[in-house]
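Report on one structure; see the data block that follows.
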Amino acid sequence: MNYPAIAADRGSRCADANDLVLSIGTSDFSNDLLHYLWSKASVESLFILTEDGDIADSAFMDHLSVPARRSQSWNVAPESQATLRIDLVTPLQSESAQAPYRAVMLHCSDDHHHLTLSLRSSGARRYFSPADIATIQGAARLLICLVLKHMDLVTRQERLARAISSLQDIDHHIASAPEQLSPREAQVCARILYGQTTTGIALELDIGTESVMTYRKRAYRRLGIACYRELLCWYLTLRAHETVMAYRLPSAPASNDRITG
């Protein structure tokens, strides 16, 4: 299966590890990552292969200029006979690094995410040198973590921006909050967050305006807040906690993971 490549512009940017880390969560990240990999290991193109919808969240896909595609298996790759596959979860399934390789695939899959980075060589013979392979292997787990962290930041920002755009969504999350508001308290708070007035809430819920104010007062007391701003902060914190994903890689034997400037 062929994927369009993004070639590294060798002269346009300095390949610096500090710049790469600082660009996490920004639109510069994918280009900085590719330039860094080119300078350290002659990587000319980078592909992101995914096996689930979560990792391919639209916010992340729009923010990442490196091509991303869904693959039925991380074993699917062009020129598969010249591809070194490194499984970061099950090292014993990784292949020998002795043969010449045109591509290296770094794979991590567990309950939280399924991600593969496919790196292609830019060497004169389009094969990675032994030194290139050693560099990629040494930083493999860290590179996966950087990409996952970037995805986390981008998708979290986008999801929080959408957090108050759907009344049904707000209703659902407030009703399932650990503070356990009563159904009416949750409905009133959801509509306050959605921007409805006291009168509008009363008309929609078919209750009096005084009842709306009573439910609001009870909910605020239960939540330990006193105003709309604090209600909004509470809700956004609730949503932020719900969107946090586990990005720690499974434990593995000690390695020399590193990234150099």
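Tabulated data
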item: Mean Cβ count within 10 Å, highest first, over the residues of peptides 138-147, 229-238; result: 138-147, 229-238
item: For region 132-139, 3J(HN,Hα) per residue [Karplus equation, 6.51 cos²θ - 1.76 cosθ + 1.60, θ = phi - 60°, Hz, x = Gly/Pro]; result: 4, 4, 5, 5, 5, 4, x, 10
item: Protection proxy ranking, peptides 168-174, 185-191, average beta carbon neighbours within 10 Å, highest first; result: 185-191, 168-174
item: Spin-label model distance (nm) - S39 vs C227, 7 Å beyond Cα toward Cβ; result: 4.8
item: Ranked packing of 205-212, 41-48, most packed first, by mean Cβ within 10 Å; result: 41-48, 205-212
item: Modelled FRET efficiency - R0 41 Å, S182 with K149, Cβ distances, 0.05 increments; result: 0.60
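All of the numbers you see were taken from the coordinates with simple rules; none came from a lab. Keep in mind that what you see is a predicted model, and the values were worked out from it rather than measured. When we count neighbours, we look across all protein chains shown, and the Cβ atoms used for this are built from the backbone with ideal geometry, even at glycine.
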